[in-house]
């Protein structure tokens with residue numbers, strides 16, 4: 001048997017957790033399946049669905065699915081011992097794939113909608129970490145949250161709109177706005193968006209390219 005971190009046949013492959021978050025799914029899960037020679041293609045024994053909150057990172061979802069998978073494996077073994085399980089073949093017409101992430105995927109394009117950028121940031125946390133260039137320096141972006149309102153203006157995507165509470169608001173594509181809540185500069189510790197803005201003496205109107 002094998003434990004796979006998705007609701008098969010969705011997201012076969014190496015990065016099912018990160019792909020689910022990148023695609024903005026509101027749920028993931030774990031599957032206990034029979035091992036076959038083809039990748040993640042074995043018959044399904046048991047599955048458990050797990051919700052994904054809008055703030056959840058890939059690392060946090062991975063930790064939760066590890067716990068759920070362990071419990072589900074115990075349940076699978078118990079039901080197999082009692083001959084209560086029958087393997088269910090996967091529906092090949094519903095197969096989707098989850099290829100591994102690479103570092104080349106990390107740079108943020110601020111001209112994309114805020115929700116899309118947000119999903120990328122949390123999908124790449126803890127690896128390979130989404131990043132942006134600011135004053136010639138790569139800045140890792142660790143946590144964010146899209147604003148529900150849009151700011152329809154001619155402001156260039158990537159422009160700092162304001163500093164608030166514990167973060168900074170950045171103009172994104174299609175009139176959307178993303179709050180940056182946690183960042184990390186090279187060889188520095190993690191700080192809030194506001195702490196980053198204070199340390200770098202950011203001002204509204206400055207651009208993160």
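For this structure, a couple of remarks:
So that you can scan it fast, the table gives a plain yes or no per residue for (1) modelled with pLDDT under 95; (2) over 18 Å from residue 192 (Cα atoms):
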position	(1), (2)
70	no, yes
74	no, yes
81	no, yes
92	no, yes
103	no, yes
115	no, yes
123	no, yes
136	yes, yes
141	no, no
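- Hits in segment 173-209 (condition: within 19 Å of residue 129 (Cα to Cα) and in a loop (DSSP other than H, G, I, E, B)): 186, 187, 188, 189, 208, 209
- Here the condition is being outside the structural domain of residue 123 (by TED's automatic domain parsing) and surrounded by 15 or more Cβ atoms within 10 Å (Cβ to Cβ); of 208, 181, it holds for 208 alone.
- Note on segment 17-51: among residues that are under 19 Å from residue 129 (Cβ atoms) and either modelled with pLDDT under 95 or in contact with a strand residue (DSSP E or B) (Cβ under 9 Å, 6 or more places away or on another chain) (or both), the one that is surrounded by the most Cβ atoms within 10 Å (Cβ to Cβ) is 20.
- Taken together, the criteria place residue 36 among residues that are out of contact with any helix residue (DSSP H, G or I) (no Cβ under 8 Å at 6 or more places or on another chain) and either under 16 Å from residue 2 (Cα atoms) or in contact (Cβ under 8 Å) with a residue 40 or more places away in the chain (or both).
The values are calculated or read from the model by the stated rules, or taken from the named source; none is laboratory data. A quick note: this is a predicted structure, and the numbers were derived from the prediction, not measured. Every residue, glycine as well, gets a Cβ built from its backbone with ideal geometry; the counts of neighbours run over all protein chains shown.
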